[in-house]
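Below is one structure, written out as structure tokens; the observations come after it.
The values are calculated or read from the model by the stated rules, or taken from the named source; none is laboratory data. Every value quoted in this text rests on a predicted model; they were computed, and no experiment measured them. Accessible surface is based on the protein model in full, side chains and every heavy atom, while ligands, DNA and RNA are left aside. Shrake-Rupley method; radii C 1.70, N 1.55, O 1.52, S 1.80 Å.
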Amino acid sequence: MKLEKRNESGPLEPEKDLTPTGKKPVVVYIMVLFIAAFLLMAWSFASHQRSNTEAIGRLQSSVSAMQGVQERVVSLEKELGAAQDTIRELERGTDLRDSELDAYRRQYQALANLYSLERLYRQENLEGCRKVIDRMEAEDLVVCLSDNLPLSEQELGLTFSPWERYQQLKEAVEAREAEAVEAEARETDAS
């Protein structure tokens, strides 16, 4: 309430307001608060914007790194595919070499058996000859004997191919076995 001063000389007059006139200080106070809040919001927005920009930069660098990794993975997959193709080709080549090696081994065995057959026939060991012939036919080594005579052997004066020589020896062994059976039969008939 307003205090009234008493004037001794007359009626009481309301005292003059000592506060500044109007509501200006309140408006100034609210404006200062509003400006401060606005500045705080602007600062908060700027700091969020900066952190978002940094996060986007990190994400972009991560994306770039991932793209680089993906490109490297694609190139490695291509290299792996090429390496696997090379391995398959080498394995096919190895299989061919293995089959060629097996054919050479079988041919060697056939020629070694033919040599043994020749020696046993010269020693007149018909039983040994029969074993060699049976083994060669059981292991199908006869087909490994060459039907052609190499030029180097023709130059040496050889006239029979290994296959022809095998056939000659086989026929000779069979003829001698037949003779042995006939001779045995004659001996049993004579006794």
(message) Once you order the gyration tensor axes a ≥ b ≥ c over the Cα atoms, which shape class does segment 73-144 get: rounded for a/c under 1.5, otherwise prolate or oblate by comparing a/b with b/c?
(response) prolate
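How would segment 22-158 be classified by its alpha-carbon gyration tensor: rounded, prolate or oblate, with rounded meaning a/c under 1.5 and the a/b versus b/c comparison settling the rest?
Taking the square roots of the gyration eigenvalues as a ≥ b ≥ c, segment 22-158 is prolate.
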(request) Heavy atoms only, probe 1.4 Å: what % of the accessible area of segment 54-143 goes to carbon and sulfur, would you let me know? (result) 54 percent
(message) Rounded to the nearest angstrom and ordered from largest down, what semi-axes does the equivalent ellipsoid of segment 38-80 get from its C-alpha gyration tensor (root of 5λ)?
(response) 41, 4, 4
(request) Report the full-extension gain for the segment Val69 to Glu54: residue separation times 0.36 nm, less the Cα-Cα distance, to one decimal in nm. (result) 3.2 nm
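If I stretch the segment between Val27 and Ser47 completely, what's the gain in nm (0.36 nm per residue apart, minus their alpha carbon distance), one decimal? Write out the running numbers ahead of the final one.
Numbers: separation 20, 0.36 × 20 = 7.20 nm, distance 2.98 nm.
Contour length minus Cα-Cα distance gives 4.2 nm.
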(message) Taking the solvent-accessible surface of protein heavy atoms with a 1.4 Å probe, what is the per residue accessible area of segment 68-174 in Å²?
(response) 73 Å²
